[in-house]
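Undergrad: Quick one: the structure is below, and I'll ask about it shortly.
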Amino acid sequence: MKIFVILGAINAALAVALGAFGAHGLEGKISEKYLEVWKTGVQYHMFHAIGLFVVALLLAKAPQSSLLSTSGWLMMAGIILFSGSLYVLSISGIKVLGAITPLGGVAFITAWILIVIAALKW
């Protein structure tokens, strides 16, 4: 449980910092298209930082739930793969990185489905 509180807080702080960097540091330096891609990365980063807190809270109710732990780790993987690939794509313009993004999306979706399954088992 504690690890997901820590990871949630670190990722929320990173999402805020990266959002500010995008708004102030990248404006005028990358195209509007890639600035929007950056913003999408930040948005999903923050959603899933909050998701990590949700996992931590649910683990307080069911501390032995491997489904919930797996969900938290999938959210972390999703942040890295989905948001991370969008950040790098925005700055580098290397379009092949877009092929990694859906893997992060699948990790996010699977994480939320595992929460549903864990809740149904209570």
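Undergrad: Give me, ordered by chain and number, the residues 5 or more places off Ile100 or on other chains with an amide H under 5 Å from its own placed amide H.
TA: none
Undergrad: Rounded to the nearest Å, what's the spacing between the alpha carbon centres of the range 103-121 and the range 1-75? Just the number, please.
TA: 15
Undergrad: Using the Karplus curve 6.51 cos²θ - 1.76 cosθ + 1.60 with θ = phi - 60°, work out ³J(HN,Hα) for each residue of the range 116-121 in order, rounded to whole Hz, and write x for Gly and Pro.
TA: Rounded to whole hertz, the list is 4, 4, 4, 5, 5, 7.
Undergrad: What distance in nm lies between label points placed 7 Å from Cα along the C-beta direction at Leu103 and Lys33?
TA: Here the modelled spin labels are 2.4 nm apart.
Undergrad: Sequence gap at least 6, Cα distance under 8 Å: using those rules, report the relative contact order of the chain to the nearest whole percent.
TA: Details: 147 pairs, mean separation 34.5, N = 122.
Dividing the mean separation by the residue count of the chain yields 28 percent.
Undergrad: Taking θ = phi - 60°, what integer Hz values does the Karplus form 6.51 cos²θ - 1.76 cosθ + 1.60 yield along the range 98-114, in sequence order, with x for Gly and Pro?
TA: Once rounded to whole Hz, the list reads x, 6, 7, 3, x, 4, x, x, 5, 4, 4, 4, 4, 4, 5, 5, 5.
Undergrad: Which value at 222 nm does the chain reach when only helices count, each DSSP H run of 4 or more adding -39,500 (n - 2.57), with the total divided by all residues and rounded to the nearest 500 deg cm²/dmol? Provide the component values of the computation, followed by the final result.
TA: Working: 5 runs with 91 residues, N = 122.
Estimated from H runs of four or more residues: -25500 deg cm²/dmol.
Undergrad: Among Val37, Val96, which comes first, then next, by fewest other beta-carbon atoms within 10 Å?
TA: On the way: Val37 21, Val96 8.
With the sparsest Cβ surroundings first, the list reads Val96, Val37.
Undergrad: Please express the shape of the chain as an equivalent ellipsoid: the semi-axes are the square roots of 5 times the eigenvalues of the C-alpha gyration tensor, given largest first in whole angstrom. All intermediate terms of the calculation are to be shown ahead of the outcome.
TA: Working: eigenvalues 176, 45, 15 Å².
Sorted largest first and rounded, they come to 30, 15, 9 Å.
Undergrad: A further question follows. Using a Förster distance of 25 angstrom, determine the FRET efficiency expected from the C-beta separation of Ser92 and Ala9, and round it to 0.05.
TA: Values: r = 28 Å, r/R0 = 1.14.
Efficiency computed from Cβ-Cβ geometry: 0.30.
Undergrad: Quick one: grab the alpha carbon gyration tensor of the range 68-122, order the square roots of its eigenvalues as a ≥ b ≥ c, and give me rounded if a/c is under 1.5, else prolate or oblate depending on whether a/b is larger than b/c. Walk me through the numbers before you get to the answer.
TA: Details: a/c = 5.05, a/b = 3.29, b/c = 1.54.
In terms of gyration-tensor shape, prolate.
Undergrad: Okay, next question. Which lysines does Lys95 reach when only Cα atoms under 27 Å apart count, and residues fewer than 8 places away in its own chain are ignored?
TA: Straight-distance partners of Lys95: Lys29, Lys33, Lys39.
Each reported figure results from applying straightforward, stated rules to the coordinates on display, with no laboratory input. Fair warning: this is a prediction, and the values are worked out from it, not measured in the lab. All Cβ positions, glycine included, derive from the backbone under ideal geometry; neighbour counts span all protein chains shown.
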